[in-house]
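Every read-out reported here was derived from the displayed coordinates using simple, explicitly stated rules and does not represent laboratory data. Note that the coordinates shown come from a computational prediction; the quantities given were computed from them, not determined experimentally. Backbone-built Cβ (ideal geometry, glycine too); neighbour counts: all protein chains shown.
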Amino acid sequence: MATEIRGGRSRRLSKHALLIVCGVVMLYPLLWMVSSSAKPTETIFRDPSIWPTELDLSNYVDGWTALEYPFHHYLINSAVIAILAVAGNLISCSLAAYAFARLEFRGRKIFFAMMLATLMLPVHVLIVPQYVLFAQLDWINTNLPLVVPKFLAHDAFFIFLMVQFIRGLPKELDEAARIDGCGHIRIYWRIVMPLSIPALATSAVFTFIWTWNDFFSQLIFLTDPELWTMPVALRSFMDGQGETAWGQLFAMSIVGLAPIFGFFLAGQRYLTQGIATTGFR
C-alpha cells in the first residue's frame, strides 16, 4: 500500500515537473520580449538572456511619443473598435442563436448548416468582396467595416457556441414563461440571457482578444494614421529599408498586451465555465 502511494506521488510530481518545464518553454518568448523592452536596442540581440544586465526604461518613454500621435491615441482607437465589436457580437449572435435553438421555422437546419459552412472560409477569401462592397458604401478609412458586421451576426463561431449552450437549457422554463404570458422577446431577455452568462462571457473574451489583435483587416480598411489601431501602429516601428527600433517596438507591444491580460483575467472564471458547459447536444 505504501509503495503504491509513493508511486502515485512520484507520478504526480513527474507530471507537474513536465508541465512546469513546458510552461517555461512556452513563456520564454514573452519573458524575452519583456526583458528586451528594458534593454538598449544595440544589446537586444547580443544578449539573449531574459535577465537584462543593463536596465533601460527609456524605450517606454521614447516609444510612447515616437509616432505621429502619442501611443495612447492608438490604444483608444483599438479600445473603441474592440468594445463595439464585443457589444455587436453579444447582441446579434445571441439573437441568432436563440432563433436557431428555440424557434421552429422552415429551413432552420439548412440555414444552420450554411452558417457553419462559412467557418471554413478564410478571411483572405472574403476580404476582396468585402473591400469592394465597403468601397461602394464609402466606408473605407472609417471604423464602420470593422464594427457594423459585428451587429449583423457576422461571426458564425459565436452563434454556434451560443446555440449549443442554449440547447442545454431546459425548455420547461420557456413553457412556464409562456403560461405567464411571455413572448419570445421576454423569454430571450428575462430567461435565456441571464442563464447564458458563461457563453456570453466566453464570446466577449474571444471577441475582444481577436479584435484587439486583428492586424490584417485593420491594415486594409484604415489608411489614415489618425484612425490607426494599436497593431497597425506597431508596424510603424519596423522599417524595411532602415533600422528597426526593436526596443521601442517591444516596449509598446508589452503595453498593447496589458488590456488583453486584464480582460482575460476579468472573465476567466466565466470563460472556463462557458467552454466546459458547451457541447454537442
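If you go through segment 30-57, how many residues are polar (S, T, N, Q) and in contact (Cβ under 8 Å) with a residue 24 or more places away in the chain?
So the count comes out to 3.
Could you run through segment 39-82 and say how many residues are part of a loop (DSSP other than H, G, I, E, B) and among the small types (Gly, Ala, Ser)?
2
Need the failing condition index for Leu173 against (1) buried (at least 21 other Cβ atoms within 10 Å of the Cβ); (2) within 26 Å of Lys109 (Cα to Cα), just the number.
Just one mismatch for Leu173, condition (1).
What are the residues in segment 98-147 that are surrounded by 16 or more Cβ atoms within 10 Å (Cβ to Cβ), in a helix (DSSP H, G or I) and touching a residue at least 24 places away in the same chain (Cβ under 8 Å), if any?
Tyr98, Phe100, Ala101, Arg102, Phe112, Met115, Tyr131, Phe134, Pro145, Leu146, Val147
Yes/no per residue for (1) of a type in the set (A, V, I, L, M); (2) in contact with a Cys (Cβ under 7 Å, 6 or more places away or on another chain); (3) more than 19 Å from Thr223 (Cβ to Cβ):
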site	(1), (2), (3)
Val123	yes, no, no
Asn141	no, no, no
Pro145	no, no, no
Pro170	no, no, yes
Asp180	no, no, yes
